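Novice: Encoded as C-alpha coordinates, here's the structure I'll be asking about.
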Amino acid sequence: MEEQSNPWKILSEKDIYNNPWIGLKEYAVINPSGGKGIYGKVFFKNQAIGILPLDDEGNTWLVGQYRFPINKYSWEIPEGGGELNIEPLLSAQRELLEETGLQAERWDKILEMYLSNSVTNEKAIVYVARTLSQHAPQPEETEQLVIKKTAFTDAFEMVMSGEITDAISIAAILKLNYLLAKKLI
(Lines give C-alpha, C1' and ligand atoms only; values in the text may rest on other atoms or scores of the structure.)
Protein backbone atom coordinates (compact mmCIF):
# COMPACT_ATOMS: atom_id res chain seq x y z
CA MET A 1 0.00 0.00 0.00
CA GLU A 2 1.11 3.49 -0.79
CA GLU A 3 1.57 5.79 2.19
CA GLN A 4 -0.45 8.98 2.16
CA SER A 5 0.46 12.46 3.36
CA ASN A 6 -1.31 13.89 6.40
CA PRO A 7 -4.81 15.07 5.38
CA TRP A 8 -5.51 16.74 8.76
CA LYS A 9 -5.06 20.51 9.19
CA ILE A 10 -4.52 21.87 12.70
CA LEU A 11 -6.09 25.28 13.28
CA SER A 12 -5.23 25.59 16.99
CA GLU A 13 -4.35 23.51 20.04
CA LYS A 14 -4.77 23.86 23.78
CA ASP A 15 -3.61 21.92 26.80
CA ILE A 16 -6.54 20.40 28.68
CA TYR A 17 -4.83 18.30 31.35
CA ASN A 18 -1.32 17.42 32.48
CA ASN A 19 0.17 15.16 35.19
CA PRO A 20 3.52 13.35 35.57
CA TRP A 21 2.37 10.46 33.31
CA ILE A 22 0.03 11.87 30.66
CA GLY A 23 -1.08 15.05 28.96
CA LEU A 24 -4.25 15.79 27.03
CA LYS A 25 -4.51 18.30 24.20
CA GLU A 26 -7.54 19.40 22.24
CA TYR A 27 -7.07 20.45 18.63
CA ALA A 28 -9.34 22.50 16.41
CA VAL A 29 -8.96 20.79 13.05
CA ILE A 30 -10.11 20.52 9.51
CA ASN A 31 -10.66 16.81 8.98
CA PRO A 32 -9.78 14.84 5.84
CA SER A 33 -13.23 15.54 4.37
CA GLY A 34 -12.80 19.31 4.78
CA GLY A 35 -15.10 19.72 7.80
CA LYS A 36 -14.20 21.64 10.94
CA GLY A 37 -14.06 19.74 14.21
CA ILE A 38 -12.08 18.91 17.32
CA TYR A 39 -9.71 16.08 18.11
CA GLY A 40 -8.37 15.07 21.51
CA LYS A 41 -4.98 13.45 21.87
CA VAL A 42 -3.48 11.82 24.96
CA PHE A 43 0.32 12.13 25.17
CA PHE A 44 2.15 9.57 27.25
CA LYS A 45 5.32 10.66 29.02
CA ASN A 46 6.66 7.09 29.06
CA GLN A 47 6.65 4.25 26.59
CA ALA A 48 5.04 0.95 27.49
CA ILE A 49 7.46 -1.91 28.01
CA GLY A 50 6.45 -5.57 28.01
CA ILE A 51 8.57 -8.59 28.84
CA LEU A 52 7.76 -12.21 28.11
CA PRO A 53 10.16 -14.34 30.18
CA LEU A 54 10.71 -17.82 28.75
CA ASP A 55 12.77 -20.55 30.40
CA ASP A 56 14.37 -23.61 28.82
CA GLU A 57 11.39 -25.80 29.80
CA GLY A 58 8.88 -23.58 27.98
CA ASN A 59 7.54 -21.78 31.06
CA THR A 60 6.69 -18.12 31.37
CA TRP A 61 5.69 -15.82 34.21
CA LEU A 62 2.45 -13.86 34.41
CA VAL A 63 1.64 -11.04 36.78
CA GLY A 64 -1.83 -10.62 38.24
CA GLN A 65 -3.07 -7.35 39.63
CA TYR A 66 -6.19 -5.26 40.04
CA ARG A 67 -6.24 -2.55 37.37
CA PHE A 68 -7.79 0.72 38.51
CA PRO A 69 -8.79 2.10 35.05
CA ILE A 70 -10.87 -0.97 34.12
CA ASN A 71 -11.96 -1.85 37.67
CA LYS A 72 -10.98 -5.51 37.14
CA TYR A 73 -8.31 -8.04 38.01
CA SER A 74 -5.94 -8.69 35.11
CA TRP A 75 -3.39 -11.37 34.23
CA GLU A 76 -0.57 -9.91 32.15
CA ILE A 77 3.01 -10.36 31.13
CA PRO A 78 5.40 -8.24 33.22
CA GLU A 79 5.08 -4.69 31.93
CA GLY A 80 5.44 -1.08 32.90
CA GLY A 81 6.58 2.34 31.81
CA GLY A 82 9.96 3.26 30.45
CA GLU A 83 11.19 6.82 30.33
CA LEU A 84 11.43 8.16 26.79
CA ASN A 85 15.07 9.20 27.22
CA ILE A 86 16.21 5.77 28.50
CA GLU A 87 17.06 2.81 26.28
CA PRO A 88 13.94 0.58 26.27
CA LEU A 89 15.98 -2.54 27.05
CA LEU A 90 17.19 -1.00 30.32
CA SER A 91 13.58 -0.29 31.26
CA ALA A 92 12.63 -3.87 30.36
CA GLN A 93 15.41 -5.26 32.55
CA ARG A 94 14.27 -3.06 35.46
CA GLU A 95 10.59 -4.00 35.05
CA LEU A 96 11.29 -7.75 34.88
CA LEU A 97 13.33 -7.62 38.09
CA GLU A 98 10.80 -5.37 39.86
CA GLU A 99 7.76 -7.46 39.04
CA THR A 100 9.06 -11.05 39.03
CA GLY A 101 12.54 -11.01 40.54
CA LEU A 102 13.89 -12.44 37.29
CA GLN A 103 17.04 -11.40 35.50
CA ALA A 104 17.85 -12.53 31.98
CA GLU A 105 21.05 -12.92 29.98
CA ARG A 106 19.36 -12.97 26.55
CA TRP A 107 16.93 -10.35 25.27
CA ASP A 108 15.16 -10.31 21.91
CA LYS A 109 12.88 -7.47 20.84
CA ILE A 110 9.86 -9.09 19.18
CA LEU A 111 7.29 -6.33 18.87
CA GLU A 112 6.67 -2.61 18.60
CA MET A 113 3.09 -1.38 18.52
CA TYR A 114 0.87 1.62 19.18
CA LEU A 115 -1.70 0.75 21.81
CA SER A 116 -4.63 2.94 20.77
CA ASN A 117 -3.53 5.13 17.89
CA SER A 118 -6.92 6.75 17.41
CA VAL A 119 -6.55 8.75 20.66
CA THR A 120 -2.98 8.38 21.91
CA ASN A 121 0.65 8.24 20.83
CA GLU A 122 1.51 5.52 23.38
CA LYS A 123 4.03 3.09 21.95
CA ALA A 124 4.80 -0.34 23.37
CA ILE A 125 8.00 -2.32 22.96
CA VAL A 126 8.04 -6.01 23.88
CA TYR A 127 10.99 -8.28 24.58
CA VAL A 128 11.43 -12.00 25.15
CA ALA A 129 13.77 -12.59 28.08
CA ARG A 130 15.68 -15.88 28.28
CA THR A 131 18.48 -17.56 30.23
CA LEU A 132 16.78 -16.57 33.46
CA SER A 133 17.92 -16.41 37.07
CA GLN A 134 15.63 -15.87 40.06
CA HIS A 135 16.10 -13.04 42.57
CA ALA A 136 13.75 -11.18 44.93
CA PRO A 137 10.98 -9.13 43.28
CA GLN A 138 11.05 -5.37 43.94
CA PRO A 139 7.49 -4.14 43.24
CA GLU A 140 6.63 -0.45 43.32
CA GLU A 141 4.51 0.80 46.22
CA THR A 142 1.44 1.08 43.95
CA GLU A 143 1.67 -2.57 42.91
CA GLN A 144 0.10 -5.50 44.71
CA LEU A 145 1.17 -8.33 42.44
CA VAL A 146 0.58 -12.06 42.23
CA ILE A 147 3.30 -13.82 40.25
CA LYS A 148 2.40 -17.04 38.45
CA LYS A 149 4.88 -19.33 36.69
CA THR A 150 3.02 -21.26 34.00
CA ALA A 151 3.65 -23.18 30.82
CA PHE A 152 3.78 -20.84 27.84
CA THR A 153 1.18 -23.04 26.16
CA ASP A 154 -1.17 -22.36 29.09
CA ALA A 155 -0.59 -18.61 28.74
CA PHE A 156 -1.47 -18.96 25.05
CA GLU A 157 -4.69 -20.77 26.01
CA MET A 158 -5.48 -17.96 28.48
CA VAL A 159 -5.30 -15.53 25.56
CA MET A 160 -7.45 -17.72 23.32
CA SER A 161 -10.10 -18.24 26.05
CA GLY A 162 -10.29 -14.52 26.85
CA GLU A 163 -8.81 -14.86 30.34
CA ILE A 164 -5.93 -12.56 29.35
CA THR A 165 -7.38 -9.32 27.98
CA ASP A 166 -4.43 -6.90 28.23
CA ALA A 167 -3.43 -5.70 24.74
CA ILE A 168 0.34 -5.88 25.22
CA SER A 169 0.09 -9.36 26.72
CA ILE A 170 -2.15 -10.66 23.94
CA ALA A 171 0.06 -9.27 21.19
CA ALA A 172 3.25 -10.54 22.84
CA ILE A 173 1.95 -14.05 23.49
CA LEU A 174 0.50 -14.39 19.97
CA LYS A 175 3.70 -13.08 18.40
CA LEU A 176 5.93 -15.40 20.44
CA ASN A 177 3.68 -18.35 19.68
CA TYR A 178 4.10 -17.61 15.96
CA LEU A 179 7.88 -17.15 16.27
CA LEU A 180 8.23 -20.43 18.19
CA ALA A 181 6.02 -22.35 15.72
CA LYS A 182 8.10 -21.08 12.80
CA LYS A 183 11.34 -21.71 14.77
CA LEU A 184 12.35 -18.07 14.26
CA ILE A 185 13.38 -17.58 17.85
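The values are calculated or read from the model by the stated rules, or taken from the named source; none is laboratory data. In this text, all values refer to a predicted model and were calculated from it rather than measured experimentally. Here Cβ is always computed from backbone atoms with ideal geometry, including for glycine, and neighbour counts include all displayed protein chains.
Novice: In contact with a helix residue (DSSP H, G or I) (Cβ under 9 Å, 6 or more places away or on another chain) and either in contact (Cβ under 8 Å) with a residue 12 or more places away in the chain or surrounded by 12 or more Cβ atoms within 10 Å (Cβ to Cβ) (or both): which single residue out of 20, 78, 32 fits that description? Let's see the steps before the verdict.
Specialist: Values: 20 fails: in contact with a helix residue (DSSP H, G or I) (Cβ under 9 Å, 6 or more places away or on another chain); 32 fails: in contact with a helix residue (DSSP H, G or I) (Cβ under 9 Å, 6 or more places away or on another chain).
Within the list 20, 78, 32, the selection yields 78.
Novice: Given the residues 16, 86, which is the only one that is farther than 28 Å from residue 163 by Cα, of a type in the set (A, V, I, L, M, F, W, C) and either outside the structural domain of residue 110 (by TED's automatic domain parsing) or touching a Leu at 6+ places or on another chain (Cβ under 8 Å) (or both)?
Specialist: None of the other options fit; the residue is 16.
Novice: Here's another thing I want to ask about it. Quick one: count up the residues across region 29-87 that are assigned to a strand (DSSP E or B) and not hydroxyl-bearing (Ser, Thr, Tyr).
Specialist: Counting residues in region 29-87 that are assigned to a strand (DSSP E or B) and not hydroxyl-bearing (Ser, Thr, Tyr) gives 33.
Novice: While we're on this one: In region 29-72, which residues are among the aromatic types (Phe, Trp, Tyr) and within 17 Å of the chain's Cα centre (by Cα)?
Specialist: Once the filter is applied, which keeps residues that are among the aromatic types (Phe, Trp, Tyr) and within 17 Å of the chain's Cα centre (by Cα), region 29-72 yields 43, 44, 61, 66, 68.
Novice: Mind listing whichever residues of region 147-170 are among the hydrophobic types (A, V, I, L, M, F, W, C) and within 26 Å of residue 116 (Cβ to Cβ)?
Specialist: Listed by number, the residues that qualify are 155, 156, 158, 159, 160, 164, 167, 168, 170.
Novice: Of 95, 2, 76, 87, which residue is modelled with pLDDT under 95 and among the charged types (D, E, K, R)?
Specialist: Unique residue meeting the criteria: 2.
Novice: Please verify whether region 158-173 includes one or more residues that are small (Gly, Ala, Ser), over 14 Å from residue 49 (Cβ atoms) and buried (at least 16 other Cβ atoms within 10 Å of the Cβ).
Specialist: Scanning region 158-173, I find no residue that is small (Gly, Ala, Ser), over 14 Å from residue 49 (Cβ atoms) and buried (at least 16 other Cβ atoms within 10 Å of the Cβ), so the answer is no.
Novice: If the requirement is being outside any strand (DSSP E or B) and out of contact with any Cys (no Cβ under 6 Å at 6 or more places or on another chain), which of these qualifies: 185, 125, 147? Lay out the reasoning, then the answer.
Specialist: Details: 125 fails: outside any strand (DSSP E or B); 147 fails: outside any strand (DSSP E or B).
Criteria check complete, one pass: 185.
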